[in-house]
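Chemist: Before we start, here is the structure in question, set down as C-alpha cells.
Since every read-out is calculated from the coordinates, none of them should be taken as a lab result. Small disclaimer: the values here were computed from a predicted structure and weren't measured. A quick note on method: Cβ atoms are made from the backbone with ideal geometry, for glycine too, and the neighbour counts reach across all protein chains shown.
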Amino acid sequence: MKFVIPKLPFTLSLFLSLSFLIVFFFAFPSTFLRHSLSSSSVVVADEGIRIRHHGYASYEAYIQHQLKKTQNPKLREVWTTRDWDRKVRVFSTFFRRLKERGLLSNGSKALSIGARVGQEVAALRLIGVEDSVGIDLVPRPPLVVKGDFHAQPFDAETFDFEFSNVFDHALYPEKFVGEIERTLKPGGVCVIHVSIHGKTDKYSANDLYSVKPLVNLFKRSKVVEVRKIDGFGLDTEIVFRKNV
Ligand SMILES: C[S@@+](CC[C@H](N)C(=O)[O-])C[C@H]1O[C@@H](n2cnc3c(N)ncnc32)[C@H](O)[C@@H]1O
C-alpha cells in the first residue's frame, strides 16, 4: 500500500512549529541565549545572570586578566589625554541629574567603584562633590586608590553615595553588592550602570540578561529608579537606596 503524506497538513505543521519557535524566542530570549554560551559558565543568583569562569586557575588569575588591560601603558595614555574631557563631561551629566533629584549632594561622601584612571571621580569633584574617591586594582592618586571591589578597603557605613559601571567585571556579584551595602551608610544611595543583554567585552566576568538578578542581590536596599541611558555602551541605570 502506498503511503501518501498529505502536503497541506505537513506545510501547515511546519509553519505552526516555526511560528511557535519564533514566538517563544521573543517571549523568553534568555532561555536561548543561555544555552548558546560557553559550557564553562554557570547561572548564579537567579535566572538572567551568568558568570564567565574563563577557566581561571585561581582568583589571582582573574585579577591578572583584569590588570592586563588596566595596566596597558598605551591605553592609559589615551584614557588620560584624548578620552579625558569627553568622559568627564558625560559622567558630570549623569551626576548632575542625580543631584537635581536629591540623590547626591555637595556634602555627600562619594565612592566610584572600578574608576580606572578616575574620570568619574573628576566629574564628581567638578560638579561640587569634593569628598569623592575611586577604587580600582591600579591606583591613580589622588583620584583613585587601590582596592578590590570584592573586599572594599573601607569601614562599614562610610559613604553616602556609591557609583559603578563595572558590575560586569565582578567574578562574585554577591560580594560586589554585599560590599556596597556594607560600606554605604543607612539611607545611602548606590547607582549602577549596566548593559542588559548587550555589549560586554572579554574582560567582563558576568553577563546580565535583566535587572532582576541585580536587584535581588541588594538585600538591604530598595530600588528608587530604573531607566534607559546611553553610557559608554551601557544602557541601563539602576538607583538603589539602602534601608535605614
Ligand atoms: C570597563 S573598565 C571601567 C573603567 C571606568 N569606570 C570608566 O568608565 O572609564 C573596568 C575597570 O574595573 C576594574 N576592575 C576589574 N576588576 C576589579 C576588581 N576586582 N576590583 C576593583 N576594580 C576592578 C578594572 O581594573 C577596570 O579599570
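Chemist: Order the peptides 212-219, 117-124 from the highest to the lowest mean number of other Cβ atoms within 10 Å of their residues.
Modeler: On the way: 212-219: 17.9, 117-124: 25.8.
Ranking the peptides 212-219, 117-124 by packing returns 117-124, 212-219.
Chemist: While we're here: Tell me whether segment 144-191 comes out rounded, prolate or oblate; compute the Cα gyration tensor, take square roots of the eigenvalues as a ≥ b ≥ c, and use a/c under 1.5 as the rounded threshold.
Modeler: Prolate, because a/c is 1.5 or more and a/b exceeds b/c.
Chemist: Ok, one more. Pull up the cross-link candidates among the aspartates and glutamates for K87, meaning alpha carbon to alpha carbon under 12 Å and not fewer than 8 places away within one chain.
Modeler: Correct list for K87: E120.
Chemist: Which of T183, T93 has the fewest other C-beta atoms within 10 Å, and how do the rest follow up to the most?
Modeler: In order of increasing Cβ crowding within 10 Å: T93, T183.
Chemist: Now, a different point. Run the count for segment 186-230, please: Lys pairs, Cα-Cα under 22 angstrom, 8 or more apart or on different chains.
Modeler: 4
Chemist: A follow-up question, please. Quick check on segment 40-242: take the gyration tensor over C-alpha atoms, sort the square-rooted eigenvalues as a ≥ b ≥ c, and tell me if it's rounded (a/c under 1.5), prolate or oblate.
Modeler: rounded
Chemist: Taking a quarter of the surface of the Cα convex hull of segment 158-244, what do you get in nm²?
Modeler: That works out to 5.1 nm².
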